[in-house]
Amino acid sequence: MVSFGSYSDLAIVELQEAVKLDEKAQVVRVAKEVLEVGDNVTVLGWGIPFQPRAGLPDKLVSARLKVSGVDLELGLTFTAVGRNEFGTPVDTCAGDSGGPLLAWRDDAWRLYATLQGGGYNCVKDR
C-alpha cells in the first residue's frame, strides 16, 4: 500500500463467507510482473464527468489507457490520457481512486495497482 501523508488508497477486507460468482464475474489475480511503458491497461471507477451530480454514481466506467511511466522506487505506474472514438479525453477521475488498474495477460485479467486520481481534471477537461 502506498500512503501519501495521512491519506491511503487501499483497504483489505476479510469476508466471512465465500462470494458466489456467476458467469459475468471473473477472478482477478495479482500480477507478479511489472508493467512497462507502452503496455495497455484497463482502469475501472465510478468516475465523475459522465455521472449524475447528486448522490452516488450508478454506473461503473472503464477506460483503456497506455502506461507512460513506471517508478519502481516509489511503486508508481503512470498512465497517459487517452481518447475515445469521438476524440474525447479519457482518463481516471476524482472518485476513481482505489479502483483497479488491470491488464489482460495469458488469457486472464491481472491486477497491477490501485488508482490514485489527481492528474487530469475530468470535469474541466484539462
**Study point:** Area of residue 33 that stays accessible when all protein chains are in place (1.4 Å probe, Å², to 10)
**Key:** 90 Å²
Point to revise | Probe 1.4 Å, protein heavy atoms only - accessible area per residue of segment 60-101 in square angstrom | key: 60 Å²
Check your understanding: So how much accessible area does residue 30 have, in Å² to the nearest 10, using a 1.4 Å probe?
Key -> 110 Å²
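The values are calculated or read from the model by the stated rules, or taken from the named source; none is laboratory data. Everything quoted here is computed from the prediction, not taken from an experiment. These accessible areas exclude ligands, DNA and RNA; they are computed on the full protein's heavy atoms, side chains included. Shrake-Rupley method; radii C 1.70, N 1.55, O 1.52, S 1.80 Å.
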